[in-house]
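A quick write-up on the structure given underneath.
The values are calculated or read from the model by the stated rules, or taken from the named source; none is laboratory data. What you are looking at is a predicted structure, and each value in this text was computed from that prediction instead of being measured. Neighbour counts are summed over all protein chains in view; Cβ atoms, including those assigned to glycine, are modelled from backbone coordinates with ideal geometry. To get the accessible areas, we keep the full protein, side chains included, count just its heavy atoms, and leave off ligands, DNA and RNA. Shrake-Rupley method; radii C 1.70, N 1.55, O 1.52, S 1.80 Å.
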Amino acid sequence: MKDRILEVRGLDVDYGLGPDAVRAVRDVDLTLHRGEVLGLAGESGSGKSTLAYGMTRLLPPPGVVAGGEVIYHLDDGTTVDLLRMRDADLRRLRWAEIAIVFQGAINSLNPVQRISAQLMDVLKAHSAGSTPQSRQDRARELLSLVGIASDRLHSYPHQLSGGMRQRVMIAMALALEPRVVIMDEPTTALDVVVQRQILRTLVGLRERLGFSVVFITHDLSLLAEFSDRIAIMYAGQVVEEAVSADLYRTPLHPYSDGLLRSFPALKGPRRELSGIPGSPPDLRMMPSGCAFHPRCPRALDVCDEQVPVLGQSRDNRSVACWLHPVAVS
Amino acid sequence: MTAEVAPAVSGTISTEIVLEADGLTKHFPISAPFSRTKKAVRAVEGVSLQLRRGHVTALVGESGSGKSTVARLLAQLYPLTSGEIRLHGQNVAVQRGWAHGRKFKAYCRRVQMIFQDPFASLNPVHTIRYHLTRALTIHGNRGDDLEKSLADLLTRVHLTPADRYLDRYPHELSGGQRQRVAIARALAASPEVLLADEPVSMLDVSIRLGVLNLLRDLKERLHLSILYITHDIASARYFADETVVMYAGQVVEGGDSEKVTQKPAHPYTQLLIESAPDPDRPAVEEKDGGSGEPPSLIEPPPGCRFHPRCPFAMDVCRTDVPPRFELGDGHFAACWLYREEAA
């Protein structure tokens, strides 16, 4: 087994305080290994972005991290809990160790500053003792890393296409050679052709630079191709986690199965697809027991009474479902 | 531009053509201060397509390829720069202005549109009852019993029991339910044609198929012809009988969905299909497929608009716009590679 780099244990995230709080992320456990791409899939409102911002303490109010811990393994073998660090320490760790690529590059770049300024800002803030010249060289290097001609360095964001802006965002995230990159829907606004180019660039860079990626998206078919492991979220909980190929071939949780059956195939026989009946639950009025049972085609009696727990099973898979009670032990 | 309007198509697929677009062109002028030269975004250039009774035609393309503009032109929400729209063979292009309101309304009764965002297309301060009643009244389909007409509409889109939804506000419904209400509102006009502009792309993945299956069900029961606009070519294969692919404002390929997706002829369609996520792909093979991005539509490249990105580009591609070449069974591609085959 590879080394662990980031571990999330029992993370709870609420929106609001007191009795009106809505629990958007519920008791989530995740482990990210060194050099791996962990896909986090789920529908809108399933809490995948909240989880990412919660574990990096970037959640704006009214979001509150209500419990749990996020363990980061430093190079020297010691561990720190991101949720309990002093702000100053966390500030040093952010971007240098854990970087984020936000959803929608159009909104994340400053429209009135050249991308050179925005790239060099990061280097200035985090690497003390660098000269303007060295920063500029590094910025050029970063652009060529993500496949943008370095003469575009002094462009404004509006002079670049959507795909190039997203590449700039990736270059910025990689500026300090982080070991973990969290990508929140990095390609959602882009076309399939550009999306593939960018993901290919990213996979290539990961092999060269050896960072780990948490890849958040709603497009499960994309994850099945580009990630090593996939965790599926539903209504704030991780309901299944497995190696991509296993999950794609033999999904254990009925929700994962339904999600996979929601994507029409481009190859092979044309099958009748049904999607999943009903719609995701309202987090303010969660159903009793398993959150998925009102939509589940294989619901048992126990499902509306007791919440299934995510447990390890054989072959390094985990699933939270009463159909697979072996996993719950 | 499209000199060869496929006569072969009507021979192979026998159903009646309801709505036909011939050489649709739309230029959006851009006003540049202090400039005398008039520039325009050539959003749609010479697009021809046919919608048949009881058929779904998919219009596939990247964002900015002009597919939504085509839908809006067909709905006559924009005036045409040139070209013709024919409903049952009659030119129906509506002129702007006061005198033509009635003609436009008559057209709307037969051609309805469904928009992408069900969160924005319903008025948040009115109930579902209000939305549907208004649509029924405007199009004169109110009938003797309004309650029954409303219930019928909601039953058609599988929102039952109807009285549970009628007095709700849009914010009380989920995205999928809202899109169903939008579909019901379009059906209130009892149209012949539905123009669906990315009807499921704003919806959650798990409920998209429910809405698509509903549309297909409606097509079969009401013999609607549907234009399904999407960027997802896999869903076009699933849902549509025919698929038309657009690139940079022009139609590059079209034909039976299965043919277009399984044996794509145009290099752009091939690129699009290669780029679609495919979990069965053996790992990530490092093949440098597509590079580059769609061209500016203000000054599009001469000749074939795809030639700067095309791996097979020839000299003729840089100078002459390719016409449609027939590849048999209604399958056509606008690409010079097929010049010999078609001849």
Practice item. Select from the range B:265-298 the residues that are modelled with pLDDT of 85 or more and open to solvent by 30 Å² or more (accessible area, probe 1.4 Å) and write down the one among them that is farthest from the other protein chains (Cβ to nearest Cβ). Key: B:Gln270
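Every residue, every condition in (1) within 12 Å of another protein chain (Cβ to nearest Cβ); (2) in contact with a Ser or Thr (Cβ under 7 Å, 6 or more places away or on another chain), yes or no:
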site	(1), (2)
A:Ser262	yes, yes
A:Ala265	yes, no
A:Gly275	yes, yes
A:Ser279	yes, yes
A:Arg298	no, no
Review point. Between a first residue in the range A:196-211 that is touching a residue at least 12 places away in the same chain (Cβ under 8 Å) and a second residue that is of a type in the set (Val, Ile, Thr) and open to solvent by 30 Å² or more (accessible area, probe 1.4 Å), which pairs have beta carbons less than 7 Å apart while being 6 or more apart in sequence or on different chains?
Key: A:Val203/B:Val284
Practice item. Please indicate, with yes or no, whether at least one residue in the range A:26-42 is of a type in the set (Asp, Glu), over 30 Å from A:Gly163 (Cα atoms) and open to solvent by 30 Å² or more (accessible area, probe 1.4 Å). Key: yes
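Out of all the residues in the range A:28-48, which are small (Gly, Ala, Ser) and under 26 Å from A:Gly210 (Cβ atoms)?
Of all residues in the range A:28-48, those small (Gly, Ala, Ser) come to A:35, A:39, A:41-42, A:44-47.
A:Gly35, A:Gly39, A:Ala41 - these are the residues of the range A:28-48 that are small (Gly, Ala, Ser) and under 26 Å from A:Gly210 (Cβ atoms).
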Review point. Consider B:Ala32 against the criteria (1) open to solvent by less than 10 Å² (accessible area, probe 1.4 Å); (2) in a loop (DSSP other than H, G, I, E, B): it satisfies all of them except one. Which criterion is unmet?
Key: (1)
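Open to solvent by less than 40 Å² (accessible area, probe 1.4 Å), modelled with pLDDT under 90, of a type in the set (S, T, N, Q) and out of contact with any helix residue (DSSP H, G or I) (no Cβ under 6 Å at 6 or more places or on another chain): which single residue out of A:Gln197, A:Gln159 fits that description? Before you say what the answer is, go through the steps one by one.
Numbers: A:Gln159 fails: open to solvent by less than 40 Å² (accessible area, probe 1.4 Å).
It is A:Gln197.
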Revision key, fill the gap. In the range B:246-263, residues that are touching a helix residue (DSSP H, G or I) at 6+ places or on another chain (Cβ under 8 Å), surrounded by 22 or more Cβ atoms within 10 Å (Cβ to Cβ) and farther than 18 Å from B:Arg42 by Cβ total 5
Check your understanding: If we keep just the residues of the range A:250-275 that are in contact (Cβ under 8 Å) with a residue 60 or more places away in the chain and farther than 18 Å from A:Thr217 by Cα, which is most open to solvent (accessible area, probe 1.4 Å)?
Key -> A:Leu252
Review point. Looking at (1) touching a Lys or Arg at 6+ places or on another chain (Cβ under 9 Å); (2) surrounded by fewer than 18 Cβ atoms within 10 Å (Cβ to Cβ); (3) of a type in the set (Asp, Glu), which is the one condition that is false for A:Asp76?
Key: (1)
Review point. Among the residues of the range B:310-327 satisfying the criterion of being in contact (Cβ under 8 Å) with a residue 40 or more places away in the chain and open to solvent by 30 Å² or more (accessible area, probe 1.4 Å), which is nearest to the other protein chains (Cβ to nearest Cβ)?
Key: B:Pro311
Check your understanding: Can you spot a residue in the range B:214-228 that is within 12 Å of chain A (Cβ to nearest Cβ), at pLDDT 90 or above and crowded, with 24+ Cβ neighbours inside 10 Å?
Key -> no
Practice item. Report, ordered by the first and then the second residue, all pairs with beta carbons closer than 8 Å, sequence separation of six or more or different chains, a first member in the range B:210-239 that is under 17 Å from B:Gln112 (Cβ atoms), and a second member that is open to solvent by less than 10 Å² (accessible area, probe 1.4 Å) and charged (D, E, K, R). Key: B:Ser225/B:Arg52; B:Ile229/B:Asp197
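Could you run through the range A:300-310 and say how many residues are touching a His at 6+ places or on another chain (Cβ under 8 Å) and open to solvent by less than 50 Å² (accessible area, probe 1.4 Å)?
The initial filter retains those residues of the range A:300-310 that are touching a His at 6+ places or on another chain (Cβ under 8 Å), namely A:303-304.
Filter once more, keeping what is open to solvent by less than 50 Å² (accessible area, probe 1.4 Å): A:303.
The qualifying residues number 1.
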Exercise for review: Looking only at the range A:79-97, decide whether some residue is surrounded by 13 or more Cβ atoms within 10 Å (Cβ to Cβ), among the hydrophobic types (A, V, I, L, M, F, W, C) and touching a residue at least 40 places away in the same chain (Cβ under 8 Å).
Suggested key: yes
Check your understanding: What's the number of the condition A:Pro60 fails, among (1) away from chain B (no Cβ under 14 Å); (2) of a type outside the set (D, E, K, R); (3) in a loop (DSSP other than H, G, I, E, B); (4) closer than 25 Å to A:Ser221 by Cα?
Key -> (4)
**Study point:** Residue match in the range A:228-238 (condition: crowded, with 23+ Cβ neighbours inside 10 Å, hydroxyl-bearing (Ser, Thr, Tyr) and closer than 30 Å to A:Tyr255 by Cβ)
**Key:** yes
Review point. Here are some residues: B:Ser14, B:Ser63, B:Ser10, B:Ser48. Which one is at pLDDT 75 or above and outside any strand (DSSP E or B)?
Key: B:Ser63
**Study point:** Scan of the range B:181-199 for residues that are open to solvent by 10 Å² or more (accessible area, probe 1.4 Å), assigned to a loop (DSSP other than H, G, I, E, B) and more than 17 Å from B:Arg53 (Cβ to Cβ), ordered by number
**Key:** B:Glu198
Review point. Which number in (1) part of a helix (DSSP H, G or I); (2) within 20 Å of A:Val122 (Cα to Cα); (3) open to solvent by less than 10 Å² (accessible area, probe 1.4 Å) marks the one condition that A:Ile182 misses?
Key: (1)
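Results for (1) modelled with pLDDT of 85 or more; (2) in a helix (DSSP H, G or I), shown as yes or no for each residue.
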| position | (1), (2) |
| --- | --- |
| A:Leu51 | yes, yes |
| A:Gly54 | yes, yes |
| A:Ala66 | yes, no |
| A:Ala99 | yes, no |
| A:Gln113 | yes, no |
| A:Ser130 | no, no |
| A:Gly147 | no, no |
